[in-house]
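In what follows, a single structure is set out as structure tokens and then discussed.
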Amino acid sequence: MLVRSVFFAAVFSLLGACTADSHQNNDAAVIAAAKAGYDAFAAGDMEAWAQTQAPDSQWGMPKGFPYGGDYVGPQQVIDEVFTPIGELWPDFKVEPTAFHAAGNVVFIETKMTAGGVTSDSIHKAVIENGKYAAFQVYDDAGFMMAHSTASASIGKQYFGDGSSKPLMAGSGANAQLWVDYIQAHNERDFDKIAAMNAEDFKGITPGGEVVRGSEAQADFLRNWVATENPHWAVWWVIPNDGENEEGGLEEWLATGNVVTSTGPDGTERKAYETIDVLIEGGKIRLLNVASQTMPE
């Protein structure tokens, strides 16, 4: 009897050890699969990240974010979650600090850096066959959105590939630069206009004519003054800053102006101009002018 008891005790002990080893091995495997997704995201390698996901992986993002909702598959997550995250928080970073496995579910403790501040979060990943089958996020939406570019964004600019980046409110000094620039036009102070221009100044007229350099601009304006005696009134100026496609910061003005001129027959005419103005180093580099005659 004693021999039998010892035998069964040894068997159960061995089975228990095997079960514990099996659980440990499974935990290590699912944690490694979960960690691979975070590592690829941190490296910015979206192709490698997509390989950590099942083709029909189910992602859930919290309400309170512009991208809150449910998504299926890695490409939809990249397009509709990761892209707006990059726009809202150019410094976005997620750092997993601990992984806890329970079967094929992994709970991940994280530190989220967004908008210059850090918050804590919990994520839940379901791992099947070594890939993410589902992922649920429990980020602090209110805290993160309070520190997003959306809180200061005044709009978006779009690029040829369909992507976009936020536009931020620009400097009031740039708005005053435009007021002073127009005043110099009204005073016919061509030297001051030239001093306010960048060396590689370019202007594009409503008719598509390209005026390069301050000297060519002065000739253009003198001819216009001699024939129509134009005067400008600024209606509105919106300074805005944004990143170009290469990631460089650009300073722009969107402006609305009314130009009053006198035709050859002595009739006064008014035109409404909208001008996109590129500013570099406190100087006017580009004017892109559109004009429409105002009805009487």
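If you go through segment 239-257 and keep only what is surrounded by 11 or more Cβ atoms within 10 Å (Cβ to Cβ) and at pLDDT below 95, you end up with 239, 240, 241, 242, 243, 244, 245, 250, 251.
Out of all the residues in segment 151-178, which are in a helix (DSSP H, G or I) and surrounded by 12 or more Cβ atoms within 10 Å (Cβ to Cβ)? Once the filter is applied, which keeps residues that are in a helix (DSSP H, G or I) and surrounded by 12 or more Cβ atoms within 10 Å (Cβ to Cβ), segment 151-178 yields 174, 175, 176, 177, 178. Close contacts from segment 201-224, counting a first residue that is surrounded by fewer than 14 Cβ atoms within 10 Å (Cβ to Cβ) and assigned to a strand (DSSP E or B) and a second that is among the aliphatic types (A, V, I, L, M) and at pLDDT 95 or above, with Cβ to Cβ under 9 Å and a gap of 6+ residues or different chains, come to 210/204. Would you be able to say whether some residue in segment 258-268 is at pLDDT 95 or above, within 28 Å of residue 168 (Cα to Cα), under 33 Å from the mean Cα position of the chain (by Cα) and in a strand (DSSP E or B)? There is no residue in segment 258-268 that is at pLDDT 95 or above, within 28 Å of residue 168 (Cα to Cα), under 33 Å from the mean Cα position of the chain (by Cα) and in a strand (DSSP E or B).
Taking segment 1-117 and the helices (runs of 4 or more DSSP H) fully enclosed by it, the elements with 1 or more residues that are surrounded by 17 or more Cβ atoms within 10 Å (Cβ to Cβ) and at pLDDT 95 or above are at 2-43, 46-51, 74-77.
The values are calculated or read from the model by the stated rules, or taken from the named source; none is laboratory data. Predicted model only: the values in this text are computed from it and were never measured. Note that each Cβ is placed from the backbone with ideal geometry, even for glycine, and that neighbours are counted across all protein chains shown.
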